[in-house]
Amino acid sequence: MGYSSRETRNTTKAKRISTIISSSTNPISITSCPSCPTSTDQNISQTQDLSTSSISQGTSSQAQNQPTTSTSVAQPDDHSLDQTNQVTTLAQQFVSLLGTDHRPWRNLHPSASSELECYANSSLTKLNKLNINLAGQRIQQLILLIQNTLGSLRKIDIDLRDPLDPDHSGTLFSTIALCCPNLTNIHLFVSNDAITQLPTLFSGCPKLQEIDFIGDRSDEGKLDIDDVLCEIGSVVPENLKFLNLGSKAWTYTKDSISEFLDECETRLKHKPCTFIMGGHLSRKVVERLNMYEEKGVIQIMIEKATTALLKYVSNQQEDKSNDILADKVHFVWLIVSTHRFLDITKDKPVSIPLKHPLYDASTEICLITKDPQKTFKELVASKNLKRIRKVIGISKLRKKYQPYEAKRQLCNSYDLFMADDRVIPLLPKLLGKCFFQRKKQPISVCLKNEKHFEREILKACNSTYMHFSPGTCLAIKIGTTDMTSSQLLENIITSVPCIVNKIPRKWKNIQSLNIKTHFSTSLPIFNADPYAQISR
């Protein structure tokens, strides 16, 4: 049935209740039994006034249908016992008419000061939503009301204009933080005196998703909230989707905004979160906010692309489960396409640090060194670097690996090649094209200082490398297929800024970013706006 049918049915029930109650000649009240819990330890019972006028109105508001509550001391005598029996019978008929739809309050919308004072002394353990829009009230009454909910509130929308006790604004925030652990939505006026309580509210309500704080809309009385903003960033709820700090009186700098957004990027699950900042924002603050939003959108694309790519690889491996020679682990490549032709040739690849290394302890490394090679063999043995399986001097490489077949076998024998940076210019001619075709060019390491030998080797293992060649496309190893989607995501996010900074004209020259394996199609994670390129 529709809403109008339920409203008609409730109105009919109210009229029948009115008829039953109006037939009684004595004033009617329902007294709770002594075993029911009361607000004090004395023998005080709650009476609910069921006057004909309050029920016969048949309003659709649940708060108006709820009987008014008061307290009185019970005085048992014969007359009161007869009256109690009569009222009990009427109450049973009242409950039977309401049926199973009569439940405790779910939403509360007080519209008068008397109602707010009444609800402040009521038990509201089933209240989910609180919506108050009153002027000239006491915040202390609202604090008592929130305390009586005992953590049941999910949504709060409060607009108390010109409160009679504004000194309790800070206490209101601490009460919400203490008594509303399940809160998800909040809309609240924040005075300049209570702004320091926001970190307490954030830490006490970890399930918040939408936060709408309204401050002073005038331009007078500027307040610097840099410190508060940094504290909020360290305790921001991880499920936050919307935050409004829209007050013209609140000011902040680019540094505090950057620190806050950096914390949000680390803590938040939903990215990008929508931020609304009030006041007169500087150009640098606006640029930082736009950068966060764009980065969040790109991150969403990366998450979708990495998940789809790993799922595709998994399905391909299931189809080739009987193929003994099939590789189980493949590299994931980041394909960078540029607008302009890159006329760059470098013998030394550019090092790009990764959060999750491509190579583990089982990786077999071949180290090409300056003569004499015996010195470096002794260093490897003394440092116990088991990853390095072979050390080749430059003179031995020139004599022993001159035939093409010997070079090809050397290329296939090891997972990774490193070379002393002093011999890197000699290697292209000595190694041949098979190393460059398979992207196995030796990685440059600085071996001048023997004290830093181990550190340089480990640094090279924890990085990926970008090899420049003439053209408009670059391919960089960014992960492996045995990584999780989140690990690939972190590698891409940490490496892309470093990669872009090494390309001439930086982001202005980036046309697209894609990820792929050697046998899969490319999945896009970023595409530049073509109209922006035309206007440049």
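The values are calculated or read from the model by the stated rules, or taken from the named source; none is laboratory data. None of these values were measured; they are calculated from a predicted model. Neighbour counts are summed over all protein chains in view; Cβ atoms, including those assigned to glycine, are modelled from backbone coordinates with ideal geometry. All accessible areas refer to the heavy atoms of the entire protein, side chains included, with ligands and DNA or RNA removed. Shrake-Rupley method; radii C 1.70, N 1.55, O 1.52, S 1.80 Å.
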Inset, instruction - Determine which member of the set T253, T175 is more than 23 Å from M291 (Cβ to Cβ) and either small (G, A, S) or open to solvent by less than 70 Å² (accessible area, probe 1.4 Å) (or both). - result: T175
Inset, instruction - Could you tell me which residue of region 342-361 is nearest to the chain's Cα centre (by Cα), considering only residues that are hydroxyl-bearing (S, T, Y) and within 27 Å of R505 (Cβ to Cβ)? - result: S351
Legend entry - Tally of residues being within 16 Å of G479 (Cβ to Cβ) and either of a type in the set (A, V, I, L, M) or surrounded by 16 or more Cβ atoms within 10 Å (Cβ to Cβ) (or both) across region 357-372: 3
Inset, instruction - Go through region 483-504 and count every residue that is surrounded by 18 or more Cβ atoms within 10 Å (Cβ to Cβ) and assigned to a loop (DSSP other than H, G, I, E, B). - result: 2
Inset, instruction - Could you please find all residues in region 319-338 being exposed (fewer than 15 other Cβ atoms within 10 Å of the Cβ) and at pLDDT 80 or above? - result: V329
Inset, instruction - Those residues that are out of contact with any strand residue (DSSP E or B) (no Cβ under 6 Å at 6 or more places or on another chain) and farther than 16 Å from T517 by Cβ, I need them from region 472-488; list them, please. - result: S486
Legend entry - Counted residues, region 458-475 - those being within 13 Å of I443 (Cβ to Cβ), touching a residue at least 60 places away in the same chain (Cβ under 8 Å) and hydrophobic (A, V, I, L, M, F, W, C): 3
Legend entry - helices (runs of 4 or more DSSP H) completely within region 362-442 that count 3 or more residues being over 50 Å from the mean Cα position of the chain (by Cα): 373-383, 394-400, 404-413
Inset, instruction - Spot the failing condition for I525; the list is (1) open to solvent by 20 Å² or more (accessible area, probe 1.4 Å); (2) out of contact with any Asp or Glu (no Cβ under 7 Å at 6 or more places or on another chain); (3) not polar (S, T, N, Q), and only one is missed. - result: (1)
Legend entry - region 429-459, residues that are among the aliphatic types (A, V, I, L, M) and farther than 22 Å from V500 by Cβ: L430, L431, V445, L447, I457, L458
Inset, instruction - Inspect all residues belonging to region 430-437 and state whether any of them is open to solvent by less than 20 Å² (accessible area, probe 1.4 Å), out of contact with any Pro (no Cβ under 8 Å at 6 or more places or on another chain) and of a type in the set (A, V, I, L, M). - result: no
Legend entry - Selection status of N384, surrounded by fewer than 13 Cβ atoms within 10 Å (Cβ to Cβ) and at positive phi: yes
Legend entry - Which numbered condition K448 misses (of (1) surrounded by 16 or more Cβ atoms within 10 Å (Cβ to Cβ); (2) part of a loop (DSSP other than H, G, I, E, B)): (1)
Legend entry - Count - residues of region 505-522 that are under 21 Å from E293 (Cα atoms) and surrounded by fewer than 16 Cβ atoms within 10 Å (Cβ to Cβ): 3
Legend entry - Residue in region 451-482 that is nearest to T363 (Cα to Cα), counting only those that are open to solvent by 20 Å² or more (accessible area, probe 1.4 Å) and within 32 Å of the chain's Cα centre (by Cα): N462
Legend entry - Residue match in region 217-232 (condition: within 23 Å of L261 (Cβ to Cβ), surrounded by 16 or more Cβ atoms within 10 Å (Cβ to Cβ) and at pLDDT 90 or above): no
